Amino acid sequence: MGLVVCILVSYLLVKGYQNTQKLVVNEITIDTDDRDSKENTLHILHISDMHLENISVTPDRLIESIGSHKIDIIALTGDFLDRKRSIPKLIPYLKALSKLQPVYGSFAVFGNHDYVLNESNFVKLKNVLNQYGFQTLQNENRQVEIDGKQINIVGIDNYSTKHSDVKKAFTGINRGTNLVLTHDPNVVLTMNDYRFDYLLSGHFHGGQIHWPKPYHLRKMGQLVKMNMIKGLHQLKGRPFYISEGLGQTCFNIRIGSRPEITIHHFSVNNQIEKAM
């Protein structure tokens, strides 16, 4: 019996590691009010949870998987690393992504693992992202314009570590389409007074070990109890996406999940004057 258990565990560990190399590229199409206008579609590359301490996808493999897709915006939604020595490992990924030359820029928010760093090392992480062309948003917003329509890129800081300030993140926004970037998707449950047209997040890794069920996620917020741990969801008619992430945490294995990047085809709606 003991030998059988040992063989089964060994098989799962090997299979689990192999799964971390099986990168999945998912394409998601989101229509808003302007359904018939393909000219007003943003093509967003979304990458979350790189966890550079445990990642099996190389920068070259990452870029190869994207292929010839047009990329308008790159969105990185946190959990890059949690150790100082991993910061240099991020640079080859940022260099590779910068070659995609996104039309409207590259943006990044931080996750709970990034805040494990002490203040000086966190600043180093932020500076590296900025140096390679990624605008970091900590409860801030930026505007881009597509065919005369305003898109607000809203970066909400990490919810689970109490760094989020939704009101501050939406400061100054009174019109346009709101694309929200954040790490922990549970923040959507606090956003009744703030309109978003689409929200990108990560945090749950699709369970990472999703077999038979991701019981270990129960402590990670209300969305888990609502069975919202990966993929496309809606809350009160507002769509949001939870990425399974690119890397792994704790152990470099995945069972019942795969490393994921997503390309979102997001149709920008008509500009509407709306107070937050």
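The values are calculated or read from the model by the stated rules, or taken from the named source; none is laboratory data. Note that the coordinates shown come from a computational prediction; the quantities given were computed from them, not determined experimentally. Using ideal geometry, Cβ is built from the backbone for each residue, glycine included, and neighbour counts are taken over all protein chains shown. Only protein heavy atoms, including side chains, enter the accessible area calculation; ligands, DNA and RNA are left aside. Shrake-Rupley method; radii C 1.70, N 1.55, O 1.52, S 1.80 Å.
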**Message:** Going Cα to Cα from LYS99, which lysines come in below 18 Å? Please leave out same-chain ones fewer than 8 positions away.
**Reply:** LYS70, LYS89
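Are there any helices in the chain, counted as whole DSSP H runs, that stretch 20 Å or more along their axis by Cα and score at least 1.0 on average by Kyte-Doolittle, and if so which? Provide the component values of the computation, followed by the final result.
Working: long enough: 2-19 (25 Å, 1.33).
The qualifying helices are 2-19.
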**Item:** Considering only the chain, percent of DSSP beta bridges that pair antiparallel, nearest 5
**Value:** 40
**Fill in**
Neighbours of THR190 by Cβ distance under 14 Å: Lys/Arg at +1, Asp/Glu at -1, summed charge +2
**Full-extension gain in nm, ARG218 to LYS70, via 0.36 nm per residue minus C-alpha separation** = 49.5 nm
**Request:** Could you go through the stretch 132-149 in sequence order and give the Karplus-derived ³J(HN,Hα) for each residue, using 6.51 cos²θ - 1.76 cosθ + 1.60 with θ = phi - 60°, rounded to whole Hz, and x for Gly and Pro?
**Result:** 9, x, 9, 7, 8, 10, 10, 6, 9, 9, 10, 10, 10, 10, 10, 6, x, 9
**Request:** Would you give the gap between the C-alpha center of the stretch 79-143 and the C-alpha center of the stretch 193-240, rounded to a whole Å?
**Result:** 23
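Stretch GLU145-ASN227 to full length: gain in nm at 0.36 nm per residue minus the Cα-Cα span? Spell out each step's value before the answer.
Numbers: separation 82, 0.36 × 82 = 29.52 nm, distance 3.54 nm.
Taking GLU145 through ASN227 to full extension adds about 26.0 nm, to one decimal.
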**Prompt:** Roughly how many Å² of HIS43 are accessible to a 1.4 Å probe, to the nearest 10?
**Reply:** 40
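In deg cm²/dmol, rounded to 500, what helix-only [θ] at 222 nm does the chain give when every DSSP H run of at least 4 residues adds -39500 (n - 2.57) and the total is split over its residues? Could the numbers behind the result be given before it?
Working: 6 runs with 59 residues, N = 276.
My calculation for the chain gives -6000 deg cm²/dmol from helical runs alone.
Quick check: from the Cα gyration tensor, does the stretch 53-158 come out rounded (a/c under 1.5), prolate or oblate?
Values: a/c = 2.28, a/b = 1.22, b/c = 1.86.
Note, shape of the stretch 53-158 comes out oblate.
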**Complete:** At q = 0.07, 0.10, 0.15 1/Å the base-10 log of I(q)/I(0) from the Debye formula over the alpha-carbon atoms of the chain is -0.24, -0.49, -1.11
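From the P(r) of the stretch 114-229, could you give the percentage of C-alpha pairs in the tail past 23 Å?
Beyond 23 Å sits 39 percent of the P(r) for the stretch 114-229.
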